[in-house]
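Note sheet for the following structure.
Any read-out appearing in this document is the output of simple, stated calculations on the displayed coordinates, not a laboratory observation. Note that the structure is a prediction, hence the values are computed from the model and not measured. Neighbour counts are summed over all protein chains in view; Cβ atoms, including those assigned to glycine, are modelled from backbone coordinates with ideal geometry.
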There are 2 protein chains.
Amino acid sequence: MNALNSLSQEELGSAAQRERRKRILDATIALASRGGFDAVQMRAVADQADVALGTLYRYFPSKIHLLVSALGREFERSQAAMSGKPIPGDTAEQRVNYVLGRTTKILQKDPNLTEALTRAFMFADASVSTEIHHVGMMLTSVLTEAMGTRTGDAEPTEEEIAIARVIGDVWLSSLVGWVTGRSSATDVETSMSVAVRLLLR
Amino acid sequence: MNALNSLSQEELGSAAQRERRKRILDATIALASRGGFDAVQMRAVADQADVALGTLYRYFPSKIHLLVSALGREFERSQAAMSGKPIPGDTAEQRVNYVLGRTTKILQKDPNLTEALTRAFMFADASVSTEIHHVGMMLTSVLTEAMGTRTGDAEPTEEEIAIARVIGDVWLSSLVGWVTGRSSATDVETSMSVAVRLLLR
DNA sequence: GCCATAATAGGAACACGTTCCACTTCTCGT
DNA sequence: ACGAGAAGTGGAACGTGTTCCTATTATGGC
């Protein structure tokens, strides 16, 4: 009934539905990885996921929802893969730079996918706010964790959260510059180092 | 001959062409102001500017070029309107906050226009890099001017430029959050104050 | 097992950005 | 003034996101 949000994973009853959802997101990632934002065509996703176009739209009400949801899933996967391991570095600045540098490196390995997901994120409007908020929270918490103690035992302060948000904003802007071909990967690293140095001094 | 960039204003020969270009940009702003990004439809722009669709595409090779060019013109106009007047405030932080606050206030008065221009800016790819760079430079120079002495006699240092870029990045990200309905105008002001305080301390 | 209902398939139809084409009008060098 | 080439007109046509409709299939309560 709830046609406002895309069906979130928890409320999918049958295993067949979870399976469909997974196939759709897999197809999305595959197509995005091959040809970027433009290659994620709704008909192609439906074909590759072996669902009808109408079904695809039942699961994800727009291309943007689809891509932002895919971004959320990949982000979670990546977060799960590295959770538990302490972040190297003696200072907050070092740790944050480490996290940003590694993430940027991962993104560079699949520029088409990065382009697709970043563009979707920046183009999303209020109807995608749930998914966007989800991703935004994950990003902020990754950064506060890197800023705080490496075991993350203490809650971040308001100030730390504010700083993390600012860093996240700068990162997104830089990323947009990169995926749209206006700046190089080195530019992204440089501007992130500058921002981190200024904010965590 | 040069089909890569949209015709820039200087190289337009006849007065009739300058006039056409002006009508197109006026129509773009009017439509954007009324209904935002989606309302700027190429056929509607052509109609309202009283040019053929093909002519519109001769002047601006895509909707994004069109909107980013319109953004550039408005930015220039706004910059011209306030140039010469000293920026109030005793510290760099105060002056930058003043400039950002006033600009944000102007943008809030026409949310549809702001949405259209911001989205175009964030969606632009490398083929629009000339126009994007133009706007980016204006933004950075407004900020460095506010940071430096109010008369702008001294050149900004590298550090100041880096800080201005970071502030600009944060501002763009916040703006995207606002125009896409994910955060309020107050949120924008708050996060800008935070960023400015952190960066200009 | 059977029926009511929801979910899916398959695909037509529509909207808007973009391209293209045939024709007309303007501009400019001679 | 004239002719050639550039610029503009008007509109058809195409691609892709989105909507919609009908027929078919899966599901859950009895």
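Ordering B:S14, B:S78 by the number of other Cβ atoms within 10 Å of each residue's own Cβ, fewest first, gives B:S14, B:S78. Start at zero, step by 5 Å, and the Cα-Cα distances of the stretch B:37-88 spread as 5, 18, 22, 19, 12, 9, 6, 6, 3, 0 percent across the bins. Here the Gaussian network model covers chain A, with springs between Cα atoms less than 10 Å apart; of A:A124, A:A15, A:A27, A:A15 fluctuates the most.
Mind checking A:121-133 for the average number of partner chain beta-carbons within 10 Å of each residue's beta-carbon?
Mean partner-chain Cβ count within 10 Å for A:121-133: 4.
Across the identical copies, the label point of B:D50 (7 Å from Cα in the Cβ direction) is separated from its matches by 6.0 nm, in order from shortest. Listed from fewest to most Cβ neighbours within 10 Å, the set A:D50, B:D125 follows the order A:D50, B:D125. Taking A:R23, A:R119, A:R102 as the candidate residues, the one with maximal mean-square fluctuation in a Gaussian network model of chain A, Cα springs under 10 Å, is A:R102. Comment: the Cα-to-Cβ extended label point of B:S83, at 7 Å, lies 5.4 nm from its counterparts in the other copies, nearest first.
Placing dummy labels 7 Å off each Cα toward the beta-carbon, the span from A:R77 to B:M137 is 4.3 nm. Each Lys and Arg contributes +1 and each Asp and Glu -1, all at the Cβ; summed about the Cα centre of the protein assembly as shown, the dipole is approximately 880 debye.
Once the Cα atoms of helix A:63-82 and of chain A are each reduced to a long axis, what angle between those two axes, in degrees from 0 to 90 to the nearest 10, is obtained? With both axes taken from Cα atoms, the answer is about 50 degrees. Between the stretch B:62-89 and the stretch A:136-201, the C-alpha centres lie 29 angstrom from each other. Sorted fewest first by neighbouring Cβ atoms within 10 angstrom, A:T55, B:T28, B:T103 come out as A:T55, B:T103, B:T28. Could you state the angle between the C-alpha long axis of helix B:158-179 and the longest principal axis of the C-alpha atoms of chain B, as a value from 0 to 90 degrees rounded to the nearest 10? Relative to chain B, helix B:158-179 is tipped by roughly 60 degrees.
Estimated from helical segments only, the mean residue ellipticity of the protein assembly as shown at 222 nm is -24500 deg cm²/dmol, where each DSSP H run of four or more residues counts as -39500 (n - 2.57). Starting from the label point of A:Y98 at 7 Å along Cα→Cβ, the same points in the other copies fall at 4.4 nm, in ascending order. Our Cα-only numbers for the protein assembly as shown put the radius of gyration and Dmax at 22.2, 69 Å.
In degrees between 0 and 90, to the nearest 10, how far off the longest principal axis of chain B does helix B:111-123 point, with axes built from Cα atoms? Once rounded, the angle reads 90 degrees. Only lysine pairs 8 or more places apart, or on different chains, with alpha-carbon atoms under 28 angstrom apart are counted in the protein assembly as shown, and they number 17. Seen from every direction in turn and averaged, the convex hull around the alpha carbons of chain B projects onto 11.8 nm².
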